[in-house]
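**Student:** Structure incoming, see below.
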Amino acid sequence: MPSRKDNGVQAILTRTNLALFSNAMKLRSKGKAFHFERDIQHVHFRALDVYWLSRGQKDRIRDVFIGSFGSFEQVVEGQLERIMKDLRNIPVA
């Protein structure tokens, strides 16, 4: 049976974007190279656009949908309203 050599290459599988980026930042902080198997540039830009919205710098936002919000607070309020609506629709019996 052939032996398996450790070439230092590893794969990281995650369920969420947060876990994906967290692992990427850990690798980056250790000076290790990494790459993503699919193009996630649009995810990075959307996250950055949400950041710009939270800082009140709407002129830097690229995403039309995120730019359509008047403020970051409006996004948060919209999410809270959606959550409350979902909670009202949960059957209790």
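The values are calculated or read from the model by the stated rules, or taken from the named source; none is laboratory data. Treat the numbers as computed from the prediction; the structure is a model and nothing was measured. In this analysis, Cβ positions are derived from the backbone assuming ideal geometry, glycine residues included, and neighbour counts consider all displayed protein chains.
**Student:** Working only within segment 63-76, note down all residues that are modelled with pLDDT of 85 or more and of a type in the set (A, V, I, L, M, F, W, C). Talk me through it step by step, then tell me what you get.
**Tutor:** First, the residues of segment 63-76 that are modelled with pLDDT of 85 or more: 63-74.
Once the filter is applied, which keeps residues that are modelled with pLDDT of 85 or more and of a type in the set (A, V, I, L, M, F, W, C), segment 63-76 yields Val64, Phe65, Ile66, Phe69, Phe72.
**Student:** Checking the conditions here, which among Arg60, Arg82 is at pLDDT 85 or above and either out of contact with any Gly (no Cβ under 7 Å at 6 or more places or on another chain) or over 23 Å from Ala19 (Cβ atoms) (or both)?
**Tutor:** Arg60
**Student:** Another question about this same structure. Can you name every residue in segment 50-60 that is within 18 Å of the chain's Cα centre (by Cα) and part of a helix (DSSP H, G or I)?
**Tutor:** Val50, Tyr51, Trp52, Leu53, Ser54 - these are the residues of segment 50-60 that are within 18 Å of the chain's Cα centre (by Cα) and part of a helix (DSSP H, G or I).
One line per residue, one yes/no per condition, for (1) at pLDDT 85 or above; (2) among the hydroxyl-bearing types (Ser, Thr, Tyr); (3) surrounded by 12 or more Cβ atoms within 10 Å (Cβ to Cβ); (4) more than 12 Å from the chain's Cα centre (by Cα):
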| position | (1), (2), (3), (4) |
| --- | --- |
| Gly8 | no, no, no, yes |
| Ala11 | no, no, no, yes |
| Arg15 | no, no, no, no |
| Leu27 | yes, no, yes, yes |
| Gly31 | yes, no, no, yes |
| Glu37 | no, no, no, yes |
| His42 | no, no, no, no |
| Ala47 | no, no, yes, no |
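**Student:** Separate question: Would you check which residues across segment 61-73 are assigned to a helix (DSSP H, G or I) and either without any contact (Cβ under 8 Å) to a residue 12 or more places away in the chain or exposed (fewer than 13 other Cβ atoms within 10 Å of the Cβ) (or both) and list them?
**Tutor:** Kept after step one, since they are assigned to a helix (DSSP H, G or I), are these residues of segment 61-73: 64-67, 72-73.
If the condition is that a residue be assigned to a helix (DSSP H, G or I) and either without any contact (Cβ under 8 Å) to a residue 12 or more places away in the chain or exposed (fewer than 13 other Cβ atoms within 10 Å of the Cβ) (or both), then Val64, Phe65, Glu73 are the ones that fit.
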